[in-house]
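Presented below is the structure to which this report refers.
The values are calculated or read from the model by the stated rules, or taken from the named source; none is laboratory data. Note that the coordinates shown come from a computational prediction; the quantities given were computed from them, not determined experimentally. FYI the Cβ positions are ideal-geometry reconstructions off the backbone, even for glycines, and counts take in every protein chain you see. The area values use the complete protein model at the heavy-atom level, side chains included, leaving out ligands, DNA and RNA. Shrake-Rupley method; radii C 1.70, N 1.55, O 1.52, S 1.80 Å.
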Amino acid sequence: MSYFPVSGRRACLSLAGAAALWVTLAAPADAQLIERRDLSYAMALTIATGALDACKAMGYATSVVVVDRGGETVVALHGDNAGLHTMENARRKAYTARTFRMTTEDYVKGMKDNPVRQQQITLPNIVAINGGVPIKVGNDTIGGVGLSGSPGKDEECVNAGLAKVQQFLQ
Amino acid sequence: MIRFFAGSISALCVFAGLNAQAADPLPTETFKLLPATLAVEAAQAAIAACKGQGYNISVTIVDRTGSLKLILVGDGAGVLGRELSRRKAYTSAMQRVTTGDLAKRIATPGAFNPTLYDTQLVTAQGGVPIKIGNETIGGIGVSGAPGGDKDEACANAGLAKISDRLS
């Protein structure tokens, strides 16, 4: 008893068909292995300390978090005297910027006219507050940075940190 | 009777007021904190020490209350270590001993076992308290090396880097 009751001839034909199908499947470029670039530890730390120092120079005690491509924390720094909530706020900003591939500032801007976005903020780890910036290589988002604790200067400080590694993000 | 109570209350108020103005104020506690710059320096040194032996690790530093000061994930460090290093740091800060010593302590028959009551505590080696003299001001946790003794050695290498400023 066979689970595949086909005659020998038909089996041969389907084998040929399968081979043909396999060739067609193998041909497209999206069946190749995907090549990706990721943040290095040294780069993530440079961004984080650069951002923290920029805000410190302005007199603001903040916390900063860098997440990787997968949205996981790779650097988290709680600045001296920064508020208790700032670490978690920074982490969510970094995650939000990473997953939506835009600054949280841009994310907030589109909120009023976008009912979907108003629902998205009910997802875990999403926060619609200015201060999160995606880390990009060309169009590829490889991580995110979030900072919290300054009065409206969060994104400016993050960008100061990102500027320190910009030459390597090409 | 009512008058008596009213009298006592106003007497208490006067006493409290006098006390607040007394030369010897209510006692307050003064303590030291690890600044972010020293935390970064120690964590970088720990990662470098393990990297030098071919191990990719994560480092977490917590303050005296057990809350996060720093997380650093080295290149190629595993996923488990991110959380485990935090719990090692937390355990060392809260219990004021290395996680290795905590494991030994609770192995003694009849000894109090805090891990039964706080599920964040771990006994895996690699957590070290950050001390100024006898005072614990935080904890550092390392995870990712093949063996808790190697984790602990890298944590100590990190602390050694900043030891001259821990006073």
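Some values worked out for this structure:
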read-out	value
Residue in the stretch A:82-97 that is touching a Leu at 6+ places or on another chain (Cβ under 7 Å) and not basic (K, R) present	yes
Complete set of residues in the stretch B:45-56 that are within 11 Å of chain A (Cβ to nearest Cβ) and surrounded by 19 or more Cβ atoms within 10 Å (Cβ to Cβ)	B:I47
Residue that is farthest from A:T73 (Cα to Cα), among those in the stretch A:117-170 that are β-branched (V, I, T) and assigned to a strand (DSSP E or B)	A:V137
A:K109, sole failed condition from (1) open to solvent by less than 10 Å² (accessible area, probe 1.4 Å); (2) free of Cβ contacts under 8 Å to residues at least 60 places away in the same chain	(1)
Positions within the stretch A:87-106 being open to solvent by 60 Å² or more (accessible area, probe 1.4 Å) and outside any helix (DSSP H, G or I), in sequence order	A:R101
When residues of the stretch A:35-62 are limited to those that are among the small types (G, A, S) and within 13 Å of chain B (Cβ to nearest Cβ), the one most open to solvent (accessible area, probe 1.4 Å)	A:A42
Candidate set: the stretch B:57-83, residues that are facing chain A (nearest Cβ under 9 Å) and not in a strand (DSSP E or B); chosen: the one most open to solvent (accessible area, probe 1.4 Å)	B:V79
Residue check, B:L159 open to solvent by 60 Å² or more (accessible area, probe 1.4 Å) and modelled with pLDDT of 95 or more	no
Residues (in contact (Cβ under 8 Å) with a residue 12 or more places away in the chain and open to solvent by 70 Å² or more (accessible area, probe 1.4 Å)) located in the stretch A:112-151	A:I129, A:K136, A:P151
Yes/no for A:R69 being within 10 Å of chain B (Cβ to nearest Cβ) and either modelled with pLDDT of 95 or more or surrounded by fewer than 17 Cβ atoms within 10 Å (Cβ to Cβ) (or both)	no
Of all residues in the stretch A:72-81 being surrounded by fewer than 24 Cβ atoms within 10 Å (Cβ to Cβ) and of a type outside the set (S, T, Y), the one that is nearest to A:T141 (Cα to Cα)	A:E72
Count of residues meeting criterion [open to solvent by less than 50 Å² (accessible area, probe 1.4 Å) and either away from chain A (no Cβ under 14 Å) or over 20 Å from A:T73 (Cα atoms) (or both)] in the stretch B:21-37	3
Identity of the residue in the stretch B:137-154, touching a Gly at 6+ places or on another chain (Cβ under 6 Å) and in a helix (DSSP H, G or I), that ends up farthest from B:L68 (Cα to Cα)	B:G148
Search result, residues across the stretch B:111-156 that are surrounded by 17 or more Cβ atoms within 10 Å (Cβ to Cβ) and charged (D, E, K, R)	B:K150, B:D151, B:E152
